[in-house]
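A.B. asks: The structure's right below; bear with me while I get my questions together.
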Amino acid sequence: MIIGLNTPEADFQAMTKLRKERPETKIIAFVSFADADHAMRTLDSGADAYLLKSGRADELFEAIEAVQRGEIYVTPSFATKVIGALQSKALEKRTAESTRLSIREEQIVHLLLCGKRNREIARTLALSEKTVKGYMTGLMNKLRARNRLEVVIAAQRLNSAPRRHELNDGNRA
């Protein structure tokens, strides 16, 4: 099935629905503009091919043959941009995963959010003030923050909600 994308949201929904209801159907998205994010979203929605209308005439036949073989097809002159966008997306995902906060770091961020100083954080968590300073340095490096406020903001961006129920157990690491 060849689909000309005109209204992206409706087209994405239609492809997703078609993919669920008839998974055997091959979908070739035939588009008039080259945009890597749009291509990734189109492929994520269930398209088997992303074909530019401005491409060579024989590319349509190449796309049909490729999807019949079970392959994903992207207009060759545009494929490099799509691969670059996919690599960028994968790097963002790895970076987000590597910056997950430990339980102790979440506890410290929560206490920072409450306006606590290092000495108060240390007392609350039954740690030394030097240990809290070490955690703060680690948090600043991990979150690429320059100060305590930026630590809190960066932690909130990670959707790393502090686990308040674990603040009562000062022995957890």
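A.B. asks: Once you have a ≥ b ≥ c as the square roots of the Cα gyration tensor eigenvalues for the range 2-94, tell me rounded if a/c is under 1.5, and otherwise prolate or oblate according to whether a/b is larger than b/c.
C.D. replies: The shape class here is rounded.
A.B. asks: If the cut-off is 20 Å between C-alpha atoms, which aspartates and glutamates fall inside it for Lys130, apart from same-chain ones fewer than 8 positions away?
C.D. replies: Counting by Cα, and skipping residues close in sequence, Lys130 has these aspartates and glutamates nearby: Glu105, Glu106, Glu120, Asp169.
A.B. asks: Exposure proxy check: Phe61, Phe12 ranked by fewest other beta carbons within 10 Å?
C.D. replies: Exposure proxy ranking, most exposed first: Phe61, Phe12.
A.B. asks: Which ordering of Glu21, Glu71 is given by a fewest-first count of other beta-carbon atoms within 10 Å?
C.D. replies: Sorted ascending by nearby Cβ count, the order is Glu21, Glu71.
A.B. asks: Moving on to the next point. Taking a virtual spin label 7 Å from the Cα of Leu86 along the C-beta vector, which residues in the range 43-57 bring their backbone nitrogen under 19 Å of it?
C.D. replies: Within reach of a label on Leu86, which here means backbone N under 19 Å from a point 7 Å along Cα→Cβ, the range 43-57 contributes 43-52.
A.B. asks: How would you rank Met136, Met40, Met1, going from fewest to most other Cβ atoms within 10 Å of each one's own Cβ?
C.D. replies: Neighbour counts put them in this order, fewest first: Met1, Met40, Met136.
A.B. asks: Right, here's the next one. Listed here are the pairs Lys53/Lys81; Lys89/Lys142; Lys20/Lys53; Lys26/Lys53; Lys20/Lys81; which of them are more than 25 Å apart at the Cα?
C.D. replies: Cα-Cα > 25 Å for Lys20/Lys53; Lys20/Lys81; rest within.
Just so you know, all these numbers are worked out from the coordinates, no wet-lab data involved. What you see is a predicted model, and the numbers here were worked out from it, not measured in a lab. Please note: Cβ atoms are built from the backbone with ideal geometry, for glycine as well, and neighbour counts cover all protein chains shown.
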